[in-house]
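Notes for the one structure printed next.
Just so it is clear, none of the values below were taken in a lab; they were calculated from the coordinates. Predicted model, so just to flag it, every value in this text is computed and none were measured. Methodologically, a virtual Cβ is constructed for each residue, glycine included, from the backbone with ideal geometry; neighbour enumeration extends over all protein chains shown.
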Amino acid sequence: MPGFELFGDKERDEAQQVLESGVLMRYGFDGMRNGHWKAKEMEALLAKRMQTKYAQLTSSGTAALTVAMASCGVGAGDEVILPVFTFVASFEAVIALGAVPVLVDIDDTLTLDPEAVRKAITNKTRVVMPVHMCGSMADLGALERICEEHQLILLEDACQAIGGSYNGKPLGSIGDVGCFSFDYVKTVTCGEGGGLITNKEAVYSNADHYSDHGHDHIGNDRGAEDHPFLGYNFRISELNAAVGLAQLRRLDSFLEIQERHYNILKEAISSIPGLSFRRVPEGGVENYSFLNFFMPDEDSARNAISELKEAGVDGCFYWYDNNWHYHKKWDHLKNATGLGPLSPVIREGIEGWKASTFEQSDHWMSRTISCLIKIGWTESEIQDRAHSMRSALLAAASTGKLS
Ligand SMILES: Cc1ncc(COP(=O)(O)O)c(C=O)c1O
């Protein structure tokens with residue numbers, strides 16, 4: 001999945017242009033920058049590729065989520081519905097705004113279950129945040145209908161699924177706002193960076209100001225700009241944007257390789273007894289960054305993952321035990337443990353769901369294995385891998401480890 005696997009001259013050349021000008025900041029210094037505006041150029045390309053009117057880059061994917069929600073007017077006490085299988089950034093961004101993360105179940109798409117979302121809606125709910133984990137998407141049609149019915153903001157976290165689509169539209173472009181991460185292990189990387197896309201002018205304009213201390217960016221004297229509202233510094237640097245620009249131009253070629261490698265591995269294991277694949281909602285196209293499959297039960301999943309490890313097949317994850325991605329290990333969230341006290345509103349909000357057990361999610365996650373798709377594999381490496389994966393899973397099956 002990571003773009004760093006194919007990092008090369010194109011990225012170096014873009015970065016070199018910025019280094020030669022010496023202007024590492026995305027705003028101002030017009031005379032010194034030799035006409036280079038890498039962040040602006042990457043924003044234009046991101047908006048074009050994602051078929052949206054606007055894009056705003058940020059310093060990370062976490063920042064993109066924070067800026068996206070702030071730009072939609074989310075603040076103290078608002079509730080944001082998000083899945084129990086995600087990355088910790090989802091609730092970090094919510095809490096940073098004084099809002100309350102409300103965790104709900106996933107289904108066999110490994111993303112938000114629309115029925116669980118419906119049940120969690122209260123009069124404080126402002127946002128529904130599907131997180132398109134491991135390359136595939138939530139049932140966006142159902143979530144759009146729920147958001148329309150209850151006048152909620154639909155925020156797509158597409159950080160792990162850039163380039164996937166739903167009903168012909170790029171992931172991230174379907175909700176009111178969509179977010180991407182360009183951190184070091186994403187399909188498109190710029191070291192550290194992120195971005196949001198939207199078709200809503202007000203959301204874009206808020207994001208543009210909010211991510212730069214509330215600067216209104218009117219005129220050409222930065223020091224004299226006005227601040228219509230409070231903001232923060234979530235700016236991307238020009239140097240990061242330069243690398244990201246070169247990588248984003250290569251996105252479709254990365255996706256092509258990813259899809260090919262994914263299909264070879266999927267084909268190799270599809271006849272393993274008892275194994276089934278994650279459901280992709282109708283109309284959805286994955287970005288193929290992970291091959292996700294279910295074993296018949298928790299024991300067989302644990303045994304299969306150990307067979308894969310023994311066979312030297314790296315990059316296969318059992319998220320059920322993972323402290324970054326699954327609720328079971330999020331005691332710091334459930335106990336509202338900050339460095340200082342969190343606001344009473346956040347603590348009370350978390351108290352409301354912290355005793356929930358999320359059995360439906362445990363049912364799916366305890367059986368899920370996700371295997372990373374690398375884009376740097378040679379032909380012989382991908383063939384060897386397909387063979388090793390199949391043998392490891394068959395070995396598990398033949399020793400009775402797969403029921
Ligand atoms: C689903 C998801 N959302 C948000 C983020 C945060 O992105 P970043 O690392 O750029 O802050 C990540 C990063 O791993 C992620 O996987």
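Three principal axis extents, largest first, for the C-alpha atoms of the stretch 47-105, in Å?
Principal axes ranked by extent give 33, 24, 18 Å for the Cα atoms.
Just to be sure I understand: of the beta bridges DSSP finds with both ends in the chain, what percent are antiparallel, rounded to 5?
Restricted to the chain, the bridges split so that about 65 percent are antiparallel.
Treating cross-link reach as a plain straight distance, find the lysines whose alpha-carbon is under 26 Å from the alpha-carbon of LYS53, omitting any fewer than eight places away in the same chain.
Once the sequence-local lysines are set aside, what remains near LYS53 is LYS38, LYS40, LYS169, LYS186, LYS200.
Taking H as built 1.01 Å from N, whose amide H comes closer than 5 Å to the amide H of GLY284, not counting residues under 5 places away?
HN-HN under 5 Å from GLY284: ASN167.
Which of GLY274, ASN287, PHE29 sits closest to the plus end of the dipole of the chain, meaning its Cα is farthest towards the positive end, when Lys and Arg get +1 and Asp and Glu get -1 on the C-beta?
Farthest along the dipole direction, towards plus: GLY274.
Within 10 Å of each candidate Cβ there may be at most 14 other Cβ atoms; applying that plus a DSSP loop requirement, which trypsin sites (Lys or Arg not before Pro) in the stretch 36-118 survive?
Filter output for the stretch 36-118: LYS53.
Counting only residues 5 or more places away or on other chains, whose amide H sits under 5 Å from the amide H of VAL100 once H atoms are built in the peptide plane?
For VAL100, the qualifying residues are GLY77, ASP78, GLU79, VAL80.
Could you work out the local net charge near PHE180, counting Lys and Arg as +1, Asp and Glu as -1, over the other residues with Cβ closer than 12 Å to its Cβ?
Every neighbour counted, the sum reads -2.
Within 10 Å of each candidate Cβ there may be at most 13 other Cβ atoms; applying that plus a DSSP loop requirement, which chymotrypsin sites (Phe, Trp or Tyr not before Pro) in the stretch 244-338 survive?
Answer by residue number: TRP324.
What distance in nm lies between label points placed 7 Å from Cα along the C-beta direction at ASN220 and ASP314?
5.0 nm
Which whole-Hz ³J(HN,Hα) couplings does the stretch 284-290 yield from phi under the Karplus relation 6.51 cos²θ - 1.76 cosθ + 1.60, θ = phi - 60°, glycine and proline marked x?
Computed from phi, the couplings for the stretch 284-290 are x, 10, 5, 9, 6, 7, 9 Hz.
Explain nothing, just the number: dipole magnitude of the stretch 270-403 about its Cα centre with +1 on each Lys and Arg Cβ and -1 on each Asp and Glu Cβ, in debye rounded to the nearest 20.
140 debye
Compare the Cα positions of TYR262, TYR210, GLY61 along the charge dipole of the chain (+1 at Cβ of Lys, Arg; -1 at Cβ of Asp, Glu; about the Cα centre) and return the one farthest towards the positive end.
It is TYR262, whose Cα lies furthest towards the positive end.
What is the order of MET295, MET32, MET137, MET25, fewest Cβ neighbours within 10 Å to most?
Ordered by Cβ neighbours within 10 Å, fewest first: MET32, MET25, MET295, MET137.
Only Lys, Arg, Asp and Glu count, each charged at its Cβ (+1, +1, -1, -1), so figure out the dipole size of the chain about its Cα centre, rounded to 20 debye.
It comes to approximately 180 debye.
Under a 5 Å amide H to amide H cut-off, with H placed in plane at 1.01 Å, what residues pair with PHE277 once short-range neighbours are removed?
PHE294
Counting other beta carbons within 10 Å of each Cβ, put MET69, MET129 in order, fewest first.
Fewest-to-most Cβ neighbours within 10 Å comes out as MET69, MET129.
Can you grab the distance from the C-alpha centre of the stretch 305-327 to the C-alpha centre of the stretch 202-232, Å, no decimals?
Measuring centre to centre over Cα atoms gives 44 Å.
How much of the calculated P(r) for the stretch 79-230 lies past 21 Å, in percent of all Cα pairs?
Here the long-distance tail beyond 21 Å is 47 percent of all Cα pairs in the stretch 79-230.
Just to confirm the number: angle between the C-alpha axis of helix 9-21 and the first principal axis of the chain, 0 to 90 degrees, nearest 10?
20 degrees
Take every DSSP beta bridge whose two residues both sit in the stretch 1-135, then give the antiparallel share in percent to the nearest 5.
So the antiparallel bridges in the stretch 1-135 amount to around 10 percent.
Using helices alone, I'd like the mean residue ellipticity at 222 nm for the chain: each DSSP H run of four-plus residues gives -39500 (n - 2.57), total over residue count, nearest 500.
After summing the helix terms and dividing by residue count, I get -12000 deg cm²/dmol.
Evaluate the charge dipole of the stretch 1-142 about its Cα centre and quote only its size in Debye, nearest 20, assuming +1 on the Cβ of each Lys and Arg and -1 on the Cβ of each Asp and Glu.
For the stretch 1-142, the charge dipole is close to 520 debye.
Please determine, in degrees from 0 to 90 and to the nearest 10, the orientation of helix 238-249 with respect to the longest principal axis defined by the Cα atoms of the chain, where the helix direction is its Cα long axis.
Roughly 50 degrees between the two axes.
What ³J(HN,Hα) values, in whole Hz, does the Karplus curve 6.51 cos²θ - 1.76 cosθ + 1.60 give for the stretch 155-161 when θ = phi - 60°, with x put for Gly and Pro?
10, 8, 8, 9, 4, 9, 9
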